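Engineer: For reference, the structure I am asking about is given below.
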Amino acid sequence: MALTNWAGNVTFGAARVHRPGTVDELREIVAASARLRPLGTGHSFNLIADTDGDLVSAASLPGTVHIDSVSSEVTVSAGVRYGELASRLHAAGYALHNMASLPHISVAGAVATGTHGSGVTSPGLGAAVTGLRLVTADGELLDLRRDDPRLAGAVVNLGALGIVVDVTLRIRPTFEIAQSVYEGLPWSQLETGWAEIMRAGYSVSLFTDWTDSVINQIWVKRDPLDTPLPTGWHGATLAGTPLHPVPGMSAVNCTEQGGVPGPWHERLPHFRLDFTPSSAAELQTEYLVPAAHAIAALEAVDAIRDRVAPVLQISEVRTIAADDLWLSPSHGHDSVAIHFTWQPDADAVAPVVAALEEQLAPFGARPHWGKVFSTDPAALRARYPRFGDFLALRADLDPAGKLLNPMLSRYLGL
């Protein structure tokens, strides 16, 4: 049976798939391979993980989670999923600073592609990384810690530097979040109330289907001790029943709403850990633009809504604080992420993606590395001030290009 990604739109061309059970076995596989790529949980929607050589998964390595209360850090095996890590941390009285909408993604795979949650003061998931241990192309182990300047280049690594064995993350005391959902935010209210709306919670997400001048839903995740928001807010109305972001879909798999307080890891994701998606009839695209251009960028998308809406399931808008990770889409500035969950029709989606990129190019939009995009490689490289430094680091750790594939070679300019 052919191996596919989560969405089923990519069939991997690997000659072999390895799932080593020990680090020594992993080192032997890497050293012996002529071409290989790391395989996470398969939640990327493009060819970033593909290869005609060896695919290597860290999922079968011992799933260790070691909490260091002195340094406020946790070291976790690369293949452990965020939801599993979060449950362990919460039970011990700790938390991460944020989570993505799905808790089912692996720690190493998520940070390698620049995955994020939401919040004006909350950077992407990779910003919590204080250490990486990886097997480089020659089969040797390399430990990078926060006092090593290379770490900032190795976190969002696109799988181009080696196979990550474990990740060390900064942690904080556990906390509670209450999640409320509002419906029907008029576009005019978004323009005038943007800052207040996006700062109203620890994490805020806007959902729209781009069919008219309304934001369908606002998901606000707040400290339960904060002063409650009114029932009517910026022209939107507090939802009376739980909602799914995609119109018409059941909310049974979504995290609890209605303002009910609960642990951070059961509210910050949009979907529950006990709902494990095995496949998804969708494609995804996401662009991050500087926060200063948020409304202008949204208006640029709105200008082609007649092309976007027919192939769309739902669009999400989030905020992400700046970080210093070389290939992070939020490197150097606070960002707004405009995300699109498409119908599973690649041929219909492709020209719309191209049109979106034309609309968002004036804002220096950076695509999520693991989703569908077609940005000109030279233009994309120019949007990252440290891209040359990343290329030098990659050449040092993998001089023969063992970890490259056609997509990486194209976007890295190799």
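Engineer: Out of (1) out of contact with any helix residue (DSSP H, G or I) (no Cβ under 7 Å at 6 or more places or on another chain); (2) within 30 Å of K402 (Cα to Cα), what's the single condition that is false for S180?
Structural biologist: Answer for S180: the failing condition is (2).
Engineer: Any residue in region 255-266 that is under 28 Å from E196 (Cβ atoms), hydroxyl-bearing (S, T, Y) and assigned to a loop (DSSP other than H, G, I, E, B)?
Structural biologist: Yes: one or more hits.
Engineer: So, one more: Exactly one condition in (1) modelled with pLDDT of 95 or more; (2) crowded, with 20+ Cβ neighbours inside 10 Å; (3) outside any loop (DSSP other than H, G, I, E, B); (4) assigned by TED's automatic domain parsing to the domain that holds D323 is false for A200; which is it?
Structural biologist: Exception for A200: condition (3).
Engineer: Here's another thing I want to ask about it. Which residues, taken from region 115-153, are assigned to a loop (DSSP other than H, G, I, E, B) and closer than 26 Å to A400 by Cβ?
Structural biologist: T136, A137, D138, G139, E140, D148, P149, R150
Engineer: Hey, can you tell me all the residues within region 400-414 that are under 16 Å from N157 (Cβ atoms) and out of contact with any helix residue (DSSP H, G or I) (no Cβ under 7 Å at 6 or more places or on another chain)? Break it down stepwise before answering.
Structural biologist: So the first thing to find is which residues in region 400-414 are under 16 Å from N157 (Cβ atoms), and the list is 401-405, 407-409, 411-412, 414.
Correct list: G401, K402, L403, L404, N405, M407, L408, S409, L414.
Engineer: Looking at L161, L96, L144, L151, which is the one that is buried (at least 24 other Cβ atoms within 10 Å of the Cβ) and of a type outside the set (G, A, S)?
Structural biologist: Just one listed residue meets the conditions, L161.
Engineer: When you scan region 308-323, how many residues do you find that are out of contact with any Pro (no Cβ under 9 Å at 6 or more places or on another chain) and touching a residue at least 60 places away in the same chain (Cβ under 8 Å)?
Structural biologist: Qualifying residue count, region 308-323: 7.
Engineer: State which residue pairs qualify: first residue on the phi > 0 side of the Ramachandran plot and inside region 35-53, second residue among the hydroxyl-bearing types (S, T, Y) and surrounded by fewer than 23 Cβ atoms within 10 Å (Cβ to Cβ) in any location, beta carbons under 8 Å apart, and separation of 6 or more residues or different chains.
Structural biologist: What qualifies is G42/T4.
Engineer: Please list, ordered by first then second residue, the pairs with beta carbon atoms under 6 Å, 6 or more apart or interchain, first in region 137-157 and touching a residue at least 40 places away in the same chain (Cβ under 8 Å), second among the charged types (D, E, K, R) and surrounded by 17 or more Cβ atoms within 10 Å (Cβ to Cβ).
Structural biologist: Sorted first by the residue in region 137-157, then by its partner, the pairs are A137/D398; A137/K402; G139/R27.
Engineer: Please tell me if I295 is in contact (Cβ under 8 Å) with a residue 40 or more places away in the chain, under 27 Å from I48 (Cα atoms), surrounded by fewer than 22 Cβ atoms within 10 Å (Cβ to Cβ) and assigned by TED's automatic domain parsing to the domain that holds T208.
Structural biologist: Details: in contact (Cβ under 8 Å) with a residue 40 or more places away in the chain: yes; under 27 Å from I48 (Cα atoms): no; surrounded by fewer than 22 Cβ atoms within 10 Å (Cβ to Cβ): yes; assigned by TED's automatic domain parsing to the domain that holds T208: yes.
It is false that I295 is in contact (Cβ under 8 Å) with a residue 40 or more places away in the chain, under 27 Å from I48 (Cα atoms), surrounded by fewer than 22 Cβ atoms within 10 Å (Cβ to Cβ) and assigned by TED's automatic domain parsing to the domain that holds T208.
Engineer: Are any of the residues in region 374-388 assigned to a loop (DSSP other than H, G, I, E, B) and crowded, with 20+ Cβ neighbours inside 10 Å? Steps first, please.
Structural biologist: Applying the first criterion (assigned to a loop (DSSP other than H, G, I, E, B)) to region 374-388 yields 374-376, 383-386.
If we keep only those that are crowded, with 20+ Cβ neighbours inside 10 Å too, we end up with none.
Checked against the condition, which is being assigned to a loop (DSSP other than H, G, I, E, B) and crowded, with 20+ Cβ neighbours inside 10 Å, region 374-388 yields no hits at all.
Engineer: Tell me whether region 277-285 contains one or more residues that are surrounded by fewer than 17 Cβ atoms within 10 Å (Cβ to Cβ), assigned to a loop (DSSP other than H, G, I, E, B) and of a type in the set (S, T, Y).
Structural biologist: Yes, that holds for at least one residue.
The values are calculated or read from the model by the stated rules, or taken from the named source; none is laboratory data. Note that the coordinates shown come from a computational prediction; the quantities given were computed from them, not determined experimentally. With ideal geometry, Cβ positions are generated from the backbone for all residues, glycine too; neighbour counts draw on all protein chains shown.
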